[in-house]
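Visitor: Just passing along the structure, written as C-alpha cells.
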Amino acid sequence: MCPQMCALLNLAVYIESSTSVTSSEFLYGNPKDGDRAVRRFLADMVKDTAFKKIKSGKLGTHSLRKGAATYATRSGISKDFVNRRGRWRTRKGVIDVYIDNTQPYPDALTAASLTGPAGPCFYTTKTGISCVTPQWLVDQVAPTVKQLMGDSIATTLALPLL
C-alpha cells in the first residue's frame with residue numbers, strides 16, 4: 001500500500017505536526033470554532049512546497065474530498081455510501097457533480113477500498129532490533145499522541161511514523 005494512503009500514518013502525522021491539538025479536547029477542530037481550524041490547516045498543507053501535486057492546476061481543500069469520492073466510486077462504491085462517508089448533506093446533486101455510479105455496497109467496503117488497492121498496512125518492528133522498544137516509540141516518536149490518547153494508541157501510531 002502507498003504510505004500516503006495509510007490512515008494510521010496520516011492520523012499520526014496530523015497529531016504530531018498540529019500545535020493546536022494539545023490545547024483542545026477536539027482532535028479535528030472545535031465545534032465552537034466551526035471547521036475553520038481544520039480548513040486553515042488543510043489550506044496551509046496544500047500550499048506548502050513539500051506537498052506534491054500529481055496533476056497541475058488549482059488544488060484546494062475541497063479537492064481532498066473530491067479525490068476520495070472519485071477514488072471510492074471508481075472502486076465500485078455506490079454514490080449513496082460515498083455521500084454518507086464524505087458527510088455531504090443530502091442536497092440532491094452535490095455528489096453528482098463529481099461522480100456517477102450507483103452500485104450498492106456496504107459502508108465497510110467503502111472504508112476498505114479507501115485504503116488502496118493493496119489493502120491496509122500492517123506495521124511491525126523487525127525481529128532482533130532491541131533498541132526500538134514500545135516505550136521508546138511512545139516517548140520519542142509519538143509523544144503528542146501519548147499525551148492526547150495514551151500509551152497504547154501512541155504505540156500503534158508510532159510505528160507508521162517511524
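Quick note: the coordinates plus some simple rules give every number you see, no bench work behind them. Small disclaimer: the values here were computed from a predicted structure and weren't measured. When we count neighbours, we look across all protein chains shown, and the Cβ atoms used for this are built from the backbone with ideal geometry, even at glycine.
Visitor: Could you order peptides 40-50, 149-159 by the average number of other Cβ atoms within 10 Å of their residues, highest first? Mind showing how you got there, number by number?
Guide: On the way: 40-50: 11.7, 149-159: 18.6.
Peptide ranking by packing, descending: 149-159, 40-50.
Visitor: Taking the Cα-to-Cβ direction at E16 and at A43 and moving 7 Å from each Cα, how far apart do the two end points lie in nm?
Guide: 2.8
Visitor: Evaluated at 37 °C with a viscosity of 0.692 mPa s, what Stokes-Einstein diffusion coefficient in µm²/s does the range 123-162 have when Rh comes from the Kirkwood expression over alpha-carbon pairs?
Guide: After rounding, the answer is 332 µm²/s.
Visitor: May I ask you to derive the FRET efficiency for K126 and S152 from their Cβ-Cβ distance with R0 = 22 Å, giving the value to the nearest 0.05?
Guide: Numbers: r = 21 Å, r/R0 = 0.96.
That pair, K126 with S152, gives E of 0.55.
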